[in-house]
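The values are calculated or read from the model by the stated rules, or taken from the named source; none is laboratory data. Just so you know, these numbers come straight off a predicted model, no measurement behind them. A quick note on method: Cβ atoms are made from the backbone with ideal geometry, for glycine too, and the neighbour counts reach across all protein chains shown.
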Amino acid sequence: MRNFLKTFILLSILFALFFTITVYSYATNISEGLAENIFRLHILANSDSEEDQALKLKVRDAILAYMETLTIETSDKQAVIELSNEHIEDFKQIAEHVIQENGYEYSVNIEIGNFYFPTKYYGNISLPAGNYDALKIEIGEAQGQNWWCSLFPPLCFVSVSSGVIDEKGEEYLRENLSDEEFAIVSEDSETVEFKFKIIELINSKS
């Protein structure tokens, strides 16, 4: 009986270890897959005042209008990043022009890098928390609410005002993500929700 109990405990430990490794590996692979295929835009307002938030959106509109002309023929994430790096000074000048045009003297800081993002919901599409490549624009003190979207796939240009991804946006995601990755960010079922929560948990610990 004692040997049976020892064997049972050992098998239980091994199973728990195997399950933990499998879950961690799955969450890591999905997170890396999403990160490899998504390039985000992140704009931080000077403050949460109504005026600063409105200014943030004006900067957003100007940046996106210019960005769309640059990337309209681009269907590759790395190419979008390279274009962004090449035109980063243009983005800064555009943002500064909008700010000055609206009577403000805020500084603008722009950088392209890998940044942590919290979970973000766009209607029926959800991007789990994690590190993503992004173009980050900081206005003034950058202490206000953020605005996010995806430059690649080009979801920013699909539904800027509502912040909800429509059918065209979903198609962009479907074309650029694996079936499993797309299911994680788009489907609404208990199994997918469980997987999504696992990915969020793993990313919050990393």
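Observations, loosely collected:
- Filter result for the condition that a residue is modelled with pLDDT of 75 or more and not in a strand (DSSP E or B), over GLU181, GLU193, GLU170: GLU181
- Every condition in (1) modelled with pLDDT of 85 or more; (2) within 16 Å of the chain's Cα centre (by Cα); (3) closer than 27 Å to ALA54 by Cβ holds for CYS149 except the one numbered (1).
- Scanning segment 82-113 for residues that are farther than 14 Å from LEU44 by Cβ, within 25 Å of the chain's Cα centre (by Cα) and charged (D, E, K, R) turns up GLU82, GLU86, GLU89, ASP90, LYS92, GLU96.
- Scan of segment 48-66 for residues that are out of contact with any Phe, Trp or Tyr (no Cβ under 8 Å at 6 or more places or on another chain) and not polar (S, T, N, Q), ordered by number: ASP48, GLU50, GLU51, ASP52, ALA54, LYS58, VAL59, ASP61, ALA62, ALA65
- Against the list (1) in contact with a Leu (Cβ under 7 Å, 6 or more places away or on another chain); (2) buried (at least 19 other Cβ atoms within 10 Å of the Cβ); (3) modelled with pLDDT under 80, the condition LYS120 fails is (2).
- Listed conditions (1) in a strand (DSSP E or B); (2) closer than 17 Å to TYR172 by Cα are all met by PRO154, apart from (1).
- The residues listed here are LEU34, LEU83, LEU55, LEU44; of these, the one that is surrounded by 14 or more Cβ atoms within 10 Å (Cβ to Cβ), without any contact (Cβ under 8 Å) to a residue 40 or more places away in the chain and of a type outside the set (Val, Ile, Thr) is LEU83.
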